[in-house]
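Everything on this sheet refers to the single structure shown next.
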Amino acid sequence: MHGKNDHIFVPIASTDTNVAPGKKSCRRYWNQLSRLQRNIIIVVISGLCIILLLWIPSIQGNNDYGDKEYSANHIQITPIRDQSNNDLTAIDGGKRNKNEDDNEIDLNNGILGVDVAENGKAVNSVDSNNVMANNVIDNVENVRNNAIDAAVDVPKLKEFKGPTNDRQRAVVAAARHAWTGYKKFAWGHDNLKPISMGSHDWFGLGLTIVDALDTLYIMNMQEEYEDARNWVDLYLKLDVNRDINLFEVTIRVLGGLLGAYHLSGDKMFLTKATELGNRLMPAFSSPSGIPYSDVNLATMVAHSPKWSPDSSTSEVTTIQLEFRDLSRITNDPTFENAINKINEKVHNLEKKNGLVPIFINANTGMFRNFATISLGARGDSYYEYLLKQWVQTGKKTNDFLIEDYIAAIDGVIEHLVRRTPNEKYVYIGELINGKDFKPKMDHLTCFLPGTLLLGYTNGMPESHLHLAQDLMETCYQMYAKQQTFLAPEIVYFNLNGESETDIYVKSNDAHNLLRPEFIESLYYFYSLTGNTTYQDMGWTIFNAFEKYTKVKNGYTSIGNVKNALNTRPRDMMESFYLGEMLKYFYLLFSDDRKEIDLEKFVFNSEAHAFPIGNN
Ligand code: DMJ
């Protein structure tokens, strides 16, 4: 239950329906004119309207708002030399493809007009709820009007050429199979239920379509991309009258729209993203500035989760890349100001050697006492976004974030890292009540090796590289040890020789939800080192997914990875299967390891790529 104070009530502006004074006398004057006079006036007004209609698009084409660094950042691939100093080909005895440096992404070609920035502007103060909601609603109306103009943009699909090898072709075939099932049975709904041939709605925002936009774009699946793009344009209604989760909608929907915008340059996505950003803003109106977890996008009411007064720490700290990106491309600092406030608040809280409890209270702005410390559920992406925000801002600002990241990884090494007694697997456990070590690791934690390697290539210490390499091995074993060659949701480790095997799985934890974290790490390892061993590991896992999760109408999560003869399909394909998993597989198998250049783009937590800026 949540208390009364957990809700922010925001009145909606009323509509004035009074008839304007003077309307009657206008009509009388019109009636007094001769027919000829009336016809002349009608012809002149019609002519003016036609001229105006022809003129408006040409003005819009010339608009260029704001920070050029950001507005210029849509992708065009042009062959230029690799200027990188961060060559890691030495680690793991990495092999490198001869031609892989020949393709880089040129960020300096083309400038996007960002002509919705002013009308899509968010409000100036996150503290004044009523003013905020009224402004938001006004602005949302303006943005909606602009969307009609922006819709004339033609998506540019020429930059990504599609698969170049059999593995990539297999991934595209998987994407097409998943998409076909979704389109047939769940079109416009959040998720596909591939076995019952139905759909599942969580927020009512067509999650799978929005999450998949940039995946379809990168794979050059033009027909599917255009279907998705047109659905977003015509049918994605952001004023859904239900509570949505700020974090999930930010990483999947806002991130999906922004990612699609950066790749395609299609302003319709920016229009939608700006409207969504505005509708999410009431979540920041808590007394502490730590956002509420839930917000109703129609009524602009925000509140804590129904089940608790607290928000998850990872959720309030995993919206920063998206809101900063939105501010940079709209040239409106409102969004970035709100997330900077969270950064500062969390930075100033007391931590255990950089490690954070997994719950935080939006009203008090304090961590929950004695909450678990984990790099799995509810903790994971706090650590991910400390590094990635610093990377996003060109490593020039937000020094306290990278200091917090370094402190946190030191804390991980000191308190959470252990090695199993027999096979010497390195893993990351949890601290229950903030102090009692538990040898449990979520599959979610397998994002960490990729993030650590990204940090290392950006100047973090060598200890991060070693931990990354060790964790890669352990995460791979989480797959390899199962009959299906698929990882479970959670594994436990042999702490003091009390179990027969060093890695074991409890039956309640044996499900696989098609989560992408380890494939994400494989992608980082391949992309940053060029070592094709990681591609081979990924290929083995890809085939296991094909074997055990592919069904007639899509892909399904399964209940049991331990028994190849009884996997217990669960009938759910979450949006991150198309949004993340298949995108990372496709990029992992690319002949060009820099198909997306990690020196120029940073992926959000849902695999949507944003340009790296200068500050
Ligand atoms: C995704 O929505 C994101 O990767 C998120 O950060 C964690 N959970 C899922 C995938 O497992």
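At a glance:
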{"quantity": "The stretch 184-226: number of residues that are within 23 Å of Pro516 (Cβ to Cβ) and open to solvent by less than 50 Å² (accessible area, probe 1.4 Å)", "calculated": "26"}
{"quantity": "Residue that is farthest from the ligand (Cβ to nearest atom) [pool: residues in the stretch 310-343 that are over 18 Å from Ser286 (Cβ atoms) and among the β-branched types (Val, Ile, Thr)]", "calculated": "Thr330"}
{"quantity": "Those residues of the stretch 531-543 which are touching a Leu at 6+ places or on another chain (Cβ under 8 Å) and either of a type in the set (Ser, Thr, Tyr) or more than 17 Å from Asp166 (Cα to Cα) (or both), in sequence order", "calculated": "Tyr534"}
{"quantity": "Verdict on Ile490 being within 16 Å of the ligand (Cβ to nearest atom) and at pLDDT 95 or above", "calculated": "yes"}
{"quantity": "Exclusive hit being more than 15 Å from Asp380 (Cα to Cα) and touching a residue at least 12 places away in the same chain (Cβ under 8 Å), set Leu465, Leu452", "calculated": "Leu465"}
{"quantity": "Long-range neighbours under 7 Å by Cβ, at least six apart or interchain, first residue in the same structural domain as Tyr523 (by TED's automatic domain parsing) and of a type in the set (Lys, Arg) within the stretch 425-447, second away from the ligand (no atom under 16 Å from the Cβ) and part of a strand (DSSP E or B)", "calculated": "Lys438/Glu430; Lys438/Ile432; Lys440/Glu430; Lys440/Tyr492"}
{"quantity": "Meets criteria (within 16 Å of the ligand (Cβ to nearest atom), open to solvent by less than 10 Å² (accessible area, probe 1.4 Å) and among the aromatic types (Phe, Trp, Tyr)) for Phe589", "calculated": "no"}
{"quantity": "In the stretch 344-369, residue surrounded by the fewest Cβ atoms within 10 Å (Cβ to Cβ) [restricted to those that are hydrophobic (A, V, I, L, M, F, W, C) and either within 16 Å of the ligand (Cβ to nearest atom) or in a loop (DSSP other than H, G, I, E, B) (or both)]", "calculated": "Leu349"}
{"quantity": "Unmet criterion (only one of (1) open to solvent by 10 Å² or more (accessible area, probe 1.4 Å); (2) within 26 Å of Asp436 (Cα to Cα)) for Asn337", "calculated": "(2)"}
{"quantity": "Qualifying residue in the stretch 537-555 (condition: surrounded by fewer than 24 Cβ atoms within 10 Å (Cβ to Cβ), within 15 Å of the ligand (Cβ to nearest atom) and not β-branched (Val, Ile, Thr))", "calculated": "yes"}
{"quantity": "All helices (runs of 4 or more DSSP H) inside the stretch 180-259 with 1 or more residues being within 16 Å of the chain's Cα centre (by Cα) and free of Cβ contacts under 8 Å to residues at least 40 places away in the same chain", "calculated": "207-218"}
{"quantity": "Failed item in (1) in contact with a Gly (Cβ under 8 Å, 6 or more places away or on another chain); (2) within 16 Å of the ligand (Cβ to nearest atom), with Glu248 passing the rest", "calculated": "(1)"}
{"quantity": "Among (1) in contact with a His (Cβ under 9 Å, 6 or more places away or on another chain); (2) surrounded by 24 or more Cβ atoms within 10 Å (Cβ to Cβ) - the single one Phe576 does not satisfy", "calculated": "(1)"}
{"quantity": "Residue count, the stretch 294-331 (criterion: within 18 Å of Ser381 (Cα to Cα) and not in a helix (DSSP H, G or I))", "calculated": "6"}
{"quantity": "Residues located in the stretch 592-615, provided they are more than 14 Å from the ligand (Cβ to nearest atom) and of a type in the set (Phe, Trp, Tyr)", "calculated": "Phe601, Phe610"}
{"quantity": "Condition met for Asn566 (away from the ligand (no atom under 16 Å from the Cβ), assigned to a loop (DSSP other than H, G, I, E, B) and buried (at least 18 other Cβ atoms within 10 Å of the Cβ))", "calculated": "no"}
{"quantity": "The one condition in (1) surrounded by 24 or more Cβ atoms within 10 Å (Cβ to Cβ); (2) within 16 Å of the ligand (Cβ to nearest atom); (3) among the hydroxyl-bearing types (Ser, Thr, Tyr) that Tyr479 fails to fulfil", "calculated": "(1)"}
{"quantity": "Residue tally, condition aromatic (Phe, Trp, Tyr), assigned to a helix (DSSP H, G or I) and either within 14 Å of the ligand (Cβ to nearest atom) or in contact with a strand residue (DSSP E or B) (Cβ under 7 Å, 6 or more places away or on another chain) (or both), over the stretch 498-535", "calculated": "3"}
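Matching residues to (1) closer than 14 Å to Arg418 by Cα; (2) of a type in the set (D, E, K, R); (3) not assigned by TED's automatic domain parsing to the domain that holds Phe437:
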site: Leu467; (1), (2), (3): yes, no, no
site: Asp470; (1), (2), (3): yes, yes, no
site: Lys481; (1), (2), (3): no, yes, no
site: Ala487; (1), (2), (3): no, no, no
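The values are calculated or read from the model by the stated rules, or taken from the named source; none is laboratory data. Because the structure is a prediction, the values reported are computed rather than measured. Note that we place each Cβ from the backbone using ideal geometry, even for glycine, and neighbour counts take in every protein chain shown. Note: accessible area is taken over every heavy atom of the protein model, side chains too, but ligands, DNA and RNA are not part of it. Shrake-Rupley method; radii C 1.70, N 1.55, O 1.52, S 1.80 Å.
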